[in-house]
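Okay, so here's the structure we're looking at.
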Amino acid sequence: MRRSAGMQGPVLRRRPARMRRSARMRRGVTARGIEKLAPGRREVPDAGCPGLYVVVGDTGHKSFALRSRSPSGKTFKLTLGGFTTLDVDNPAIGGPLTLAAARQLATALLHDRARGIDIAGRRPQKNSR
C-alpha cells in the first residue's frame, strides 16, 4: 500500500480473520461465557479439554458434546448432557452438567478411550414402550 505525501504515521493493517479466530479459540470457555452465548446452531470448542464442545441450538438450549475417534478410527460425537449452573454431585452421561462436571466427565471418557475401551457405545439406553 502506497502512502500519499500527506499521510503520516504507521499504516495499520488488520490481521487475517483466521488468525483472529484461532486466538479466540485458544481461550477456554467459561460458565458465564456459556450463559451469554446467543441462540443459533453452532459448536464452540473448549480449550480446557480437548474434544469437548458446547453445542448451542437454534432455541438457545446449550449442551455438551465430546468428539473423538473409536478404536477402529471412526469419528463419533457423544452428547454428554445439558448445561446447568447448579452444582452437580455425580456427573453422568445424559444428566445436567456444569462446565467443570463436563470437563471431568470428558476427561474420564478420554482416559477410558486411551485404555482401548469403546466409549462410543456408552450412550444412554432409550426406554422402549
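Values quoted throughout were computed directly from the atomic coordinates according to the rules given, and no laboratory measurement underlies them. Worth saying up front: this structure is predicted, and the values here are computed from it rather than measured. Virtual Cβ from ideal backbone geometry, glycine too; neighbours counted across all protein chains shown.
Take every DSSP beta bridge with both residues inside the range 30-114 and express the antiparallel ones as a percent of the total, to the nearest 5.
95 percent
Just how many % of Cα pairs in the range 30-114 lie over 16 Å apart, if you round to the nearest whole percent?
49 percent
Ranked highest first by average number of other Cβ atoms within 10 Å, how do 96-106, 54-64 line up?
Ranking the peptides 96-106, 54-64 by packing returns 96-106, 54-64.
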